[in-house]
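Accompanying notes for the structure given below.
The values are calculated or read from the model by the stated rules, or taken from the named source; none is laboratory data. Bear in mind that the values here come from a model prediction, so they are computed numbers and not experimental data. Here the Cβ positions follow ideal geometry from the backbone for every residue, glycine too, while neighbour counts run over all protein chains shown.
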Amino acid sequence: MTRSSDSIAESMRQDGIPEEAIAAWQETQAEVGCLDKVRDAARSIGSIARSGFRRATAEEQARRMGICRSCDHFTGVTCALCGCVMEIKTSFTAAGCRQRRW
Ligand code: SF4
């Protein structure tokens, strides 16, 4: 079952993700207007939820962000492929790069 971006945003709120990050994510979703990206984000959030929202270490998040920052798909906030806000996505152990770069 695919969840709407509104229900995903509500889940993010319940998980304590800052409103600014949620707004940035929603803006990206609206801009891309691509159902595949919403589905991808929903899958990622599902994996993250199943892992118990386990957080990556600060070192691991920094390593992942370093890879994203050097990637052509990184917009400065989001990944152009998955539409995720990378500061958030990289912070969860169960998250992964769609291109398997991390
Ligand atoms: S998640 Fe992967 S494809 Fe997206 S910006 Fe990061 S390294 Fe690039």
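Computed quantities for the displayed model
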quantity	calculated
Condition broken by Glu19, with the remaining ones in (1) surrounded by 14 or more Cβ atoms within 10 Å (Cβ to Cβ); (2) of a type outside the set (S, T, N, Q); (3) out of contact with any Cys (no Cβ under 7 Å at 6 or more places or on another chain); (4) modelled with pLDDT of 85 or more satisfied	(1)
Neighbours by Cβ (under 9 Å, 6+ apart or cross-chain): first from segment 42-67, of a type in the set (D, E, K, R); second loosely packed, with under 13 Cβ neighbours inside 10 Å and part of a loop (DSSP other than H, G, I, E, B)	Arg64/Arg101
Hits in segment 68-77 (condition: touching a strand residue (DSSP E or B) at 6+ places or on another chain (Cβ under 9 Å) and near the ligand (Cβ under 8 Å from one of its atoms))	Cys68, Cys71, His73
Unmet requirement for Ile48, which otherwise passes all of (1) at pLDDT 90 or above; (2) among the hydrophobic types (A, V, I, L, M, F, W, C); (3) away from the ligand (no atom under 13 Å from the Cβ)	(1)
Test: Thr28 is hydroxyl-bearing (Ser, Thr, Tyr), within 14 Å of the ligand (Cβ to nearest atom) and within 19 Å of Arg13 (Cα to Cα)	yes
Hits in segment 79-102 (condition: more than 8 Å from the ligand (Cβ to nearest atom) and under 13 Å from Trp25 (Cα atoms))	Gly83, Val85, Glu87, Ile88
Pairs with Cβ under 8 Å, 6+ apart, first in segment 88-102 and within 17 Å of Val77 (Cα to Cα) and touching a residue at least 40 places away in the same chain (Cβ under 8 Å), second part of a strand (DSSP E or B) and within 8 Å of the ligand (Cβ to nearest atom)	Lys89/Cys79; Arg98/Cys79
Residue selected from segment 63-85 under the condition polar (S, T, N, Q) and in a loop (DSSP other than H, G, I, E, B), by the criterion farthest from Ile8 (Cα to Cα)	Ser70
